[in-house]
Amino acid sequence: MNPFRKALKEPIAAIGLIALLFSCSTEKTQPLDTYNWSYYLGGLDRNQYAPLSQINRSNVQELKPAWEYHAENGDSTRMGMLEHNPLIIDGILYGASSTVKVFALNAVTGEQLWSFDHQAGNTNPRRQNQRGLVYYSDDEVKRIYFTTGNELIALDANTGKPLASFGNNGRVALKLTIEEIGKEYNLRASSPGVIYNELYILGSQVGESLGSPPGDIQAYNIHTGELVWSFHTIPRPGEFGYHTWPEDAWKYIGGANAWSGLSLDAAKGIVYAPTGSATFDFYGGNRPGANLFSNSVIALDANTGERIWHFQIVHHDLWDRDLPAPPNLVTVNRNGTRIDALAQVTKHGYIYMFDRYTGEPVFPIEEVAVPMDTELIGEQTWPTQPIPVKPPPFTRMSFQEHEIGNLDPTAKDSLVDIWRRARKDHLYSPPAKDGTLVFPGFTGGAEWGGAAVDPTKGIMYVNSNEMPNVIYMKATNELQNQELSAGARIYQTYCVSCHGPDMRGKGTIPPIVDLKNKMNMGQLDSLLIMGRNMMPTFSHLTKEQRDAVSKYLFGLESAGDDVHQVSENDKVLSRYNFTGYNRYVDSFDNPVIDPPWGQLSAIDLNKGEILWQVPLGELDELTARGIPKTGTENMGGPVVTAGGLVFIAATKDEYLRAFDHETGEEVWKYKLPAAGYATPSTYMVDGKQYLVLACAGSRMGTVKSDLYVAFALP
């Protein structure tokens with residue numbers, strides 16, 4: 001039986017309305033034989049677009065690898081997730097490795113010009129997702145800025161040496177100090193910031209458990225590293241939005257952070273920040289209210305950090321619906337009127353569009369009543385959620401029992417039983433003890449790879465996942481009357497939401513049941529202070545608290561060690577937690593729902609219409625069984641060019657693909673040495689166009705690598 005029970009939209013060949021060419025990039029016009037990829041995702045508008053047409057639909061089949069570069073010198077012990085989108089400026093490529101070793105290459109040959117390893121000599125180097133660098137040039141020096149651990153580092157772009165004039169010999173500590181409660185937090189950033197008027201403006205990656213810091217947006221002087229302004233994403237007394245929280249929530253609630261990156265309208269001096277959930281993601285009993293500025297698009301004056309406008313896309317989030325990518329800054333034509341707009345893609349499959357200067361919706365957005373009934377004590381769900389009338393969602397928003405696939409017949413009954421038990425009455429069904437179906441799931445819809453937009457046409461290209469999740473809530477003690485040791489209490493507060501009550505992790509979250517066989521107490525303490533990969537820093541914990549949780553994790557606690565009676569009124573301990581980011585998959589690790597499991601969509605932002613949707617990715621073992629292309633889970637974003645092509649890797653099947661931008665036809669693919677969970681960059685040097693991609697695998701069961709691969713025509 002063909003498992004496709006739900007047809008995809010047919011490709012539409014003709015794309016109608018042509019919008020005026022627009023770009024927020026501040027780059028100067030370049031000669032025809034040169035094109036720089038000067039900014040993360042191609043421009044400050046984050047449109048992942050290049051006006052290059054040398055590689056086009058007529059010759060893309062001839063595309064071949066031009067060079068390869070091993071970012072970690074082939075050392076498998078240093079390999080890890082690599083989601084980096086490199087910069088290419090005047091024939092030099094600037095990139096980073098999994099351990100955030102920054103390097104410069106000849107962009108034509110791949111020959112290394114210099115490298116800077118801030119962890120040189122470390123036998124157990126820390127790995128971190130680092131998605132991009134920031135380049136700045138003035139009359140004195142060309143600079144590269146990047147973040148690693150809790151530091152912002154500035155390098156001389158010509159030599160790779162730290163700039164002694166910036167901070168402490170090229171380094172500035174990223175910190176958030178809340179003097180009123182006597183705490184200082186280390187901050188991290190996985191996505192790069194933006195530079196405006198000699199200010200480096202940056203969001204942060206903070207934890208999603210209670211006790212994590214607020215996700216303030218901060219601006220630093222690019223010459224000295226001095227902190228110039230901060231915007232409080234969890235408002236303080238007297239600030240706009242303060243009354244959308246309980247009193248003094250900023251002292252004990254964290255998150256609401258712009259981890260996915262920023263966009264900048266340089267002409268108007270407005271920076272746009274998309275934020276994530278407040279802590280704790282799935283239970284808000286200690287944070288009643290709408291919770292501004294979590295899950296919001298915020299327009300800020302780039303000079304001062306003052307709010308210009310905002311729109312909250314999810315009120316009182318209980319589903320981890322962070323805004324996963326920086327918004328696209330576009331110019332659209334609505335009924336003959338030219339609008340400078342902002343388009344924000346979301347995990348739950350909608351695109352929200354606004355006039356980027358006023359915040360007025362381009363298409364109507366309706367506040368729709370959603371379920372409020374919840375079985376979790378203390379929870380106060382929000383009665384409505386904003387839903388855009390257009391464009392339509394680019395993913396399915398729910399699925400029925402008959403859509404549970406037949407690829408694993410032996411597990412069908414148990415998969416159906418999960419579906420029948422779980423709550424699934426609405427996209428916004430509150431989390432429940434017996435399970436709530438979250439679909440689109442925690443990886444989207446859209447994810448951090450974002451969307452590409454052709455600014456000459458106002459057409460968006462966005463990849464999406466169709467992976468369902470099931471979330472199960474559990475009373476933290478049945479915690480109401482249970483006495484916990486200090487270490488157990490800290491674990492319940494900060495760690496259980498990711499690693500689970502059984503410490504076995506889930507999906508990309510590693511198990512820690514045998515932690516003592518992987519590291520010693522000193523290494524664990526360093527990990528808690530600095531974080532690694534997706535694990536945030538817990539530097540705000542005291543040495544005594546870190547020691548307590550380390551002893552707990554290593555099984556070294558003595559009976560009665562600092563026993564703490566848990567109170568249901570404890571503001572930094574949730575009454576409920578969840579059992580992990582449970583993927584709803586069969587025994588072959590395929591999503592339970594019928595395909596497609598990954599899609600690429602083209603959306604006309606002028607009309608708010610979907611033009612075409614096609615499966616993204618293919619599993620050879622299913623194709624061999626005669627099953628049509630299913631699409632796969634995917635991580636990373638697309639690039640669109642004036643050559644009529646959309647390039648994207650991102651898929652579990654380890655291919656780089658090119659699609660016809662008008663029809664969605666797959667016109668070329670290349671098997672990569674490892675999966676490319678990153679967004680490509682494209683550039684031109686000496687009249688030759690190149691496409692380059694980080695290929696590191698390391699996710700979804702794919703092999704590890706450290707390669708950058710560049711492609712060009714013969």
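Label-to-label distance for residue 544 and residue 503 is 2.3 nm, based on points extended 7 Å past Cα in the beta-carbon direction. In straight-distance terms, cross-link reach from residue 457 covers every one of the lysines whose alpha-carbon lies under 21 Å from its own, apart from those fewer than eight places away in the same chain; here that gives 9, 390, 607. For the chain, the 222 nm mean residue ellipticity estimated from helices alone, with every DSSP H stretch of n ≥ 4 adding -39500 (n - 2.57) and the total spread over all residues, rounds to -2000 deg cm²/dmol. Which of the aspartates and glutamates could be linked to residue 629 by a straight reach, that is with a Cα gap under 12 Å, when you skip same-chain ones fewer than 8 residues away? Residue 629 reaches 594, 618, 620, 621, 653, 666. Computed over the stretch 266-342, relative contact order equals 32 percent, with contacts defined as Cα pairs under 8 Å that lie 6+ residues apart.
Computed from the Cβ-Cβ distance with R0 of 35 Å, the FRET efficiency linking residue 713 to residue 609 stands at 0.55.
Between residue 523 and residue 159, the distance separating the two model label sites (each 7 Å from Cα on the Cα→Cβ line) works out to 3.6 nm.
The mean sequence separation of alpha-carbon pairs under 8 Å and at least six residues apart, normalised by the residue count of the chain, gives a relative contact order of 17 percent. Once C-alpha pairs closer than 8 Å and six or more residues apart are averaged by separation and normalised to the residue number of the stretch 87-198, the relative contact order reads 19 percent. Set the bar at 26 Å for Cα to Cα. Now go through 101/142; 101/251; 142/347; 518/704; 652/688 and name every pair that lies beyond it. Listed pairs above 26 Å: 101/251; 142/347; 652/688.
Counted residue by residue at 0.36 nm each, then reduced by the alpha carbon distance between them, the extension gain from residue 556 to residue 62 reaches 171.7 nm. Between residue 248 and residue 113, what is the FRET efficiency for a Förster distance of 41 Å, r being their Cβ-Cβ separation, to the nearest 0.05? The formula returns an efficiency of 0.20 here.
Comparing Cα centroids, the stretch 410-475 and the stretch 28-92 end up 31 angstrom apart.
How many angstrom lie between the C-alpha centres of the stretch 673-714 and the stretch 185-229? Centre-to-centre (Cα) distance: 29 Å. Carbon-plus-sulfur fraction of the accessible area of the chain, 1.4 Å probe, in percent? About 49 percent, which is the carbon plus sulfur part of the accessible surface. Per residue, the accessible area of the chain comes to 35 Å² when a 1.4 Å probe rolls over the protein heavy atoms.
Rounded to the nearest 20, the Cβ-based charge dipole of the stretch 296-359 about its Cα centre (Lys and Arg +1, Asp and Glu -1) stands at 240 debye. Please check the chain for the longest run free of trypsin sites (Lys or Arg not before Pro) that are loop-located per DSSP (anything but H, G, I, E, B) and have at most 16 other Cβ atoms within 10 Å. Formally, the longest exposed-site-free interval is 29-267. Normalised by 2.2 N^0.38 Å, where N is the number of residues, the C-alpha radius of gyration of the chain stands at 0.91.
The values are calculated or read from the model by the stated rules, or taken from the named source; none is laboratory data. Just so it is clear, the structure is predicted and the values come from calculations on it, not from any experiment. For neighbour counting, all protein chains shown are included, and Cβ atoms are generated from backbone atoms with ideal geometry for every residue, glycine included. These area figures cover heavy atoms from the full protein model, side chains too; ligands, DNA and RNA do not enter into them. Shrake-Rupley method; radii C 1.70, N 1.55, O 1.52, S 1.80 Å.
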